[in-house]
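Data first, discussion second: the structure below is written as structure tokens.
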Amino acid sequence: MGLASLALAPIARAQTRPGWSPTGPLDGREPANPEDLSPEERRHVPVLMLPRAARAGRPFDFVAQVGVDPHGMAPAHHIEWVEVAVGDERVFVADLGPRVAYPIVRLSLVLTETVDVTVRAHCNLHGTWRTRRTVPVR
């Protein structure tokens, strides 16, 4: 595969990302009761690792894992993509698949005001799941 093919591969994949749109709503399934997750919810709900409060303008580590127990990544059943949005702005999307061992993403975020952070993950069999948390900024 030449360099041009490698450069175009991510663009082509982004255009065929199932259940995702760069301008669509930030929706997805959520647990009926976050305090009592079903087995399906335990495998699919994004789990966010956030600070109690962020410092305005200072970067912090943000980690999202798909599932309380990480979702399996077999060819027949896996997470296809994970997206992170700050407020209404999509700031990160990663294409995953069975070659990725665990559906976990880590990035550095910078916030300037208290805002909702939304993570969505798309399972090839069970659709899109969402978790939204407010991150206070001081």
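The values are calculated or read from the model by the stated rules, or taken from the named source; none is laboratory data. Given the structure is predicted, the values throughout are model-derived calculations rather than measurements. Note that we place each Cβ from the backbone using ideal geometry, even for glycine, and neighbour counts take in every protein chain shown.
Any residue at all in region 40-51 that's among the hydrophobic types (A, V, I, L, M, F, W, C) and within 16 Å of ASN124 (Cα to Cα)?
The answer is yes, given that some residue of region 40-51 is among the hydrophobic types (A, V, I, L, M, F, W, C) and within 16 Å of ASN124 (Cα to Cα).
Applying the selection to region 88-115, what residues are touching a residue at least 24 places away in the same chain (Cβ under 8 Å), of a type in the set (Ser, Thr, Tyr) and either in a strand (DSSP E or B) or under 19 Å from ARG133 (Cα atoms) (or both)? Result: SER108, THR112. HIS71 falls short on exactly one of the conditions (1) assigned to a strand (DSSP E or B); (2) crowded, with 18+ Cβ neighbours inside 10 Å, and that condition is (1).
Out of ALA54, ALA74, which single residue is of a type in the set (Gly, Ala, Ser), modelled with pLDDT of 95 or more and in contact with a Leu (Cβ under 8 Å, 6 or more places away or on another chain)? Steps first, answer last, please.
Details: ALA74 fails: in contact with a Leu (Cβ under 8 Å, 6 or more places away or on another chain).
Going through ALA54, ALA74 in turn, the sole match is ALA54.
Contact annotation: residue pairs with Cβ atoms under 7 Å, 6 or more positions apart or on different chains, pairing a residue in region 123-137 that is under 26 Å from GLY97 (Cβ atoms) and touching a residue at least 12 places away in the same chain (Cβ under 8 Å) with a partner that is among the acidic types (Asp, Glu) and in a strand (DSSP E or B), are ASN124/GLU80; ARG132/ASP116.
Please enumerate the residues belonging to region 50-68 that are part of a loop (DSSP other than H, G, I, E, B), surrounded by 16 or more Cβ atoms within 10 Å (Cβ to Cβ) and among the hydrophobic types (A, V, I, L, M, F, W, C). If the condition is that a residue be part of a loop (DSSP other than H, G, I, E, B), surrounded by 16 or more Cβ atoms within 10 Å (Cβ to Cβ) and among the hydrophobic types (A, V, I, L, M, F, W, C), then LEU50 is the only one that fits.
What are the residues in region 30-45 that are of a type outside the set (A, V, I, L, M, F, W, C), out of contact with any Lys or Arg (no Cβ under 7 Å at 6 or more places or on another chain) and surrounded by 12 or more Cβ atoms within 10 Å (Cβ to Cβ), if any?
Step one: filter region 30-45 for residues of a type outside the set (A, V, I, L, M, F, W, C), giving 30-31, 33-36, 38-44.
Adding the requirement that they be out of contact with any Lys or Arg (no Cβ under 7 Å at 6 or more places or on another chain) leaves 31, 33-36, 38-44.
Selection gives PRO31, SER38, GLU40, GLU41, ARG42, ARG43, HIS44.
Among the criteria (1) at pLDDT 95 or above; (2) among the charged types (D, E, K, R); (3) under 17 Å from ARG132 (Cβ atoms), the one ASP36 does not fulfil is (3).
Assigned to a strand (DSSP E or B) and either over 28 Å from VAL110 (Cα atoms) or modelled with pLDDT of 90 or more (or both): is that true of LEU26 in this structure? Against the criterion (assigned to a strand (DSSP E or B) and either over 28 Å from VAL110 (Cα atoms) or modelled with pLDDT of 90 or more (or both)), LEU26 does not qualify.
Could you check, for region 91-98, whether at least one of its residues is at pLDDT 95 or above, in contact with a Leu (Cβ under 6 Å, 6 or more places away or on another chain) and surrounded by 12 or more Cβ atoms within 10 Å (Cβ to Cβ)? Yes, region 91-98 contains a residue that is at pLDDT 95 or above, in contact with a Leu (Cβ under 6 Å, 6 or more places away or on another chain) and surrounded by 12 or more Cβ atoms within 10 Å (Cβ to Cβ).
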